[in-house]
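What follows is a short report on a single structure.
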Amino acid sequence: MSGVHITLLAATALIGAALLALAGAGCSDAPAPLPSLSALAEHPVATHDVRVQLVFGEEADLDLFVTDPMHEEIYFANSPSRLGGVLEADRRCDDPVPRVETIHFSPAPAGRYRVSVDFPIRCRPEIEAVPYRVIVEANGKLERVEGTAQFGQLEHIVIEFDAAGQ
């Protein structure tokens, strides 16, 4: 399984890098490309775990929110949750790039999870929009969603998924 997981990460990283390079070609004010996925998850999560990662660049301080099956939000001001969700690090403007916020459930309770992204703080005053990537590892699978966060807006439900639990 881990060989397949690493292959998925490598393939996704190559595709993502190519798409970001095409999207930013010729744009001098374009945000820096997001970091590759190969540097993010050193170890795949266990089958009954859930890991959600928010990846973003140097332009902003984005915040990751995960709502668990009991409708409790895990984020910088509420960690750990009653179901065991933990925000591993709250990344800010002075943190090195790549900036990755991770929320991990081990083991993850069965049920529906919802992921949101907030853009409350600019690291450079002229920035209005910032690209991000959300990576979800659950049920032995990897899903990825890319989007653009707008300054001052919470993007509700970037992705929803069900975890099988134990």
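Starting from residues that are of a type in the set (D, E, K, R) and assigned to a strand (DSSP E or B), keep the ones in the range 95-133 and report whichever is surrounded by the most Cβ atoms within 10 Å (Cβ to Cβ). Only one residue tops the list, namely Glu101. For the structure I just gave you, tell me whether Arg92 is over 18 Å from Glu155 (Cβ atoms) and touching a residue at least 24 places away in the same chain (Cβ under 8 Å). Spelling it out, Arg92 is indeed over 18 Å from Glu155 (Cβ atoms) and touching a residue at least 24 places away in the same chain (Cβ under 8 Å). Do you know which residues across the range 71-90 are in contact with a strand residue (DSSP E or B) (Cβ under 8 Å, 6 or more places away or on another chain), surrounded by fewer than 23 Cβ atoms within 10 Å (Cβ to Cβ) and in a loop (DSSP other than H, G, I, E, B)? Scanning the range 71-90 gives Glu72, Phe76, Ser79, Pro80, Ser81, Leu83, Gly84, Glu88, Ala89, Asp90. The set of residues from the range 134-159 being surrounded by 15 or more Cβ atoms within 10 Å (Cβ to Cβ) and assigned to a loop (DSSP other than H, G, I, E, B) comprises Asn139, Gly140.
Values quoted throughout were computed directly from the atomic coordinates according to the rules given, and no laboratory measurement underlies them. On a predicted model such as this, the values are computed, not experimentally measured, just so you know. Cβ: placed from backbone, ideal geometry, glycine included. Neighbour counts: every protein chain shown.
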